Each structure stands twice: as structure tokens, then as C-alpha cells.
Amino acid sequence: MPYPEPLVKPMREELTRVGFVELRDAQAVDGALSDAAGKTQLLIINSVCGCAAANARPAVILSRQAELQPDEFITVFAGQDLDATARSREYLPGIPPSSPFIVLMRDGEPVFVLERRHIEGRSASTIAMDLVKAYETYCGSEAGDSEVEPPSTARSDDSDALPPTFRSIL
């Protein structure tokens, strides 16, 4: 059951006031993500949880100060805009759902992902630095196919089901 809108409105506005386009239904998600050829997009699956408030939203806001930026900034709200969140996850096959969740996509393919487990317990500035490194690697006219050097954490062994362009911080 969704939270009352007056409670989540400030959490939505925290992102929209810095240029994120909020996608509130499946049709809006399809419109944004199906037209991704030649673009980079940062999608954040927003949440009411504490790590979204303390880490994820502040991190993406800090990352907006970087010189290189994705072409588009989009967001859906987990637990609130149920159809939009479910549809956005359909564009991320093989990547387990979590919220908050941040994904950088290039040409409609995920190239850098921060799941909740990569957000919890890390500072907003550290997460923002990870995002800026991803922007520098995948955004702009000089973007190549090199990978972002991930922070040192344990590597998951379930990467076989992921798209070949996927780059986790693990």
C-alpha cells in the first residue's frame, strides 16, 4: 500500500528540482526507455527508506556537479508508482530488484548499477564519486567501452544471467 502523497512529495521533489523527470506510469517509462538509442540515462528507483534519504538522493544530486553528465535523468518511485517501477525493472533483465537503486544506461543497456546493498552504509559523497567515474567512462562524445574500476568489495558469482554491458561495482 503506497504511503500518503503528502509524505512522499518532498522526496519526489528532491530529485525533480535538480532536473530529474519523474515517470509515474508504465507508459511514461516506455516512452523514456524505449527511445534510448544514442543516449545515456541515469535512472534512480527512489524510495522512502533511510538510505535513499541519506545516501542515494544526495549522491545523485552531488553527481550533478560533474562536468560530464548523462543525457537524461529519470526516476520512478518504488512502493508509490507501482506500474512505473515494475515496468522500469523489465528493462533491467537479470538484475535483481532493489530500492533505492541507481543505474546508468547507454543505448538502453545498463552499464553501471548501484543496488541497495551498494548504497546502504556508504556516504553520499562516496556514491557520488562512483557515479562521476561512471559518467566519465560512459557519457559524452569521448565515451568508450572501458569499464569503471569498481570499489573493492566481494564479487557476486551470479553474473552469468546479466546483460553483457552490465557493470556492477562488485
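The values are calculated or read from the model by the stated rules, or taken from the named source; none is laboratory data. Predicted model, so just to flag it, every value in this text is computed and none were measured. Here Cβ is always computed from backbone atoms with ideal geometry, including for glycine, and neighbour counts include all displayed protein chains.
One table, with the values for the structure above:
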| item | result |
| --- | --- |
| Where a residue in region 122-142 is more than 19 Å from residue 38 (Cβ to Cβ) and among the charged types (D, E, K, R) and its partner, wherever it lies, is assigned to a loop (DSSP other than H, G, I, E, B) and at pLDDT below 95, with Cβ under 7 Å and at least six apart | 130/151; 130/169; 133/148 |
| Index of the failed condition, residue 1 passing every other in (1) outside any strand (DSSP E or B); (2) in contact with a strand residue (DSSP E or B) (Cβ under 9 Å, 6 or more places away or on another chain) | (2) |
| Failed criterion for residue 28 (all others in (1) surrounded by 18 or more Cβ atoms within 10 Å (Cβ to Cβ); (2) more than 22 Å from residue 136 (Cα to Cα); (3) under 16 Å from the mean Cα position of the chain (by Cα); (4) among the aliphatic types (A, V, I, L, M) hold) | (3) |
| Elements of type strands (runs of 3 or more DSSP E) contained in region 15-111, each with 3 or more residues being farther than 25 Å from residue 4 by Cβ and in contact (Cβ under 8 Å) with a residue 12 or more places away in the chain | 40-46, 101-106 |
| Number of positions in region 87-103 that are closer than 15 Å to residue 55 by Cα and surrounded by fewer than 21 Cβ atoms within 10 Å (Cβ to Cβ) | 1 |
| Of the criteria (1) buried (at least 18 other Cβ atoms within 10 Å of the Cβ); (2) more than 19 Å from residue 130 (Cα to Cα); (3) not hydrophobic (A, V, I, L, M, F, W, C), which one residue 35 fails | (1) |
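Okay, residues lined up against (1) under 21 Å from residue 108 (Cβ atoms); (2) in contact with a Cys (Cβ under 7 Å, 6 or more places away or on another chain):
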| position | (1), (2) |
| --- | --- |
| 16 | no, no |
| 40 | yes, yes |
| 66 | no, no |
| 72 | yes, no |
| 77 | no, no |
| 90 | yes, no |
